[in-house]
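Any read-out appearing in this document is the output of simple, stated calculations on the displayed coordinates, not a laboratory observation. Here the structure is a predicted model, which is why all the values come from computation and not from measurement. Don't worry about glycine lacking a Cβ; one is built from the backbone with ideal geometry, like all the others, and counts go over all protein chains shown.
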Amino acid sequence: MNRVSLLIGGNQGDRRALIDAATALIAERIGPVVAASRVYETLPWGNFGEGRVQPFLNRALVIDTKLDAQAVLDEALAIEAELGRRRSPETGLRLYHSRPMDIDIIFFNDEVIESPTLTVPHPRMHLRRFVLEPLNEVMPHYRHPLTGLTVSEMLDRLKQDDEK
């Protein structure tokens with residue numbers, strides 16, 4: 001059995017209904033939800049270039065699954081598409097866009113994975129309060145396999161950086 005940590009969220013459509021639908025589909029297709037954070041509303045992160053952008057709703061989930069990491073990613077992408085996510089072809093520029101649903105794999109067991117399609121732990125998680133706050137609610141003592149810091153310690157460091 002594998003333990004995977006996901007962050008789900010979106011800022012288009014009925015955001016709460018989409019969070020609930022994604023949670024149910026993940027439980028059905030990936031595995032049982034062991035822990036779920038409350039739903040957080042956060043401002044968009046990154047350069048959206050779309051003018052005024054609606055805030056995101058986000059939730060952290062901890063799942064037990066028989067799937068390997070690539071199969072979890074494949075199911076997550078299928079769930080995103082089912083809930084209305086449309087991905088555009090890569091343009092070479094890293095742009096952020098509004099979307100009805102985004103599902104990110106944050107951790108997969110204690111593994112470090114670098115493949116053309118998947119990087120785990122999520123490479124920018126330590127920079128994102130919208131990831132760390134919900135994750136801290138469900139797994140504050142989990143240690144990042146590369147840095148050795150707990151989720152709680154990463155969140156504390158981010159808060160300290162915000163105060164500078």
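Identify which of the listed values of P(r) over Cα pairs in 10 Å bins from 0, in percent was calculated from the structure shown: (1) 10, 40, 39, 11, 0; (2) 11, 45, 37, 7, 0; (3) 10, 38, 35, 14, 3, 0. Recomputing P(r) over Cα pairs in 10 Å bins from 0, in percent here picks out (1).
Among 4-11, 147-154, the peptide with the highest mean count of other Cβ atoms within 10 Å heads the list, and the full ranking is 4-11, 147-154. When you restrict to C-alpha pairs under 8 Å that are six or more residues apart and normalise by the size of the chain, the relative contact order lands at 28 percent.
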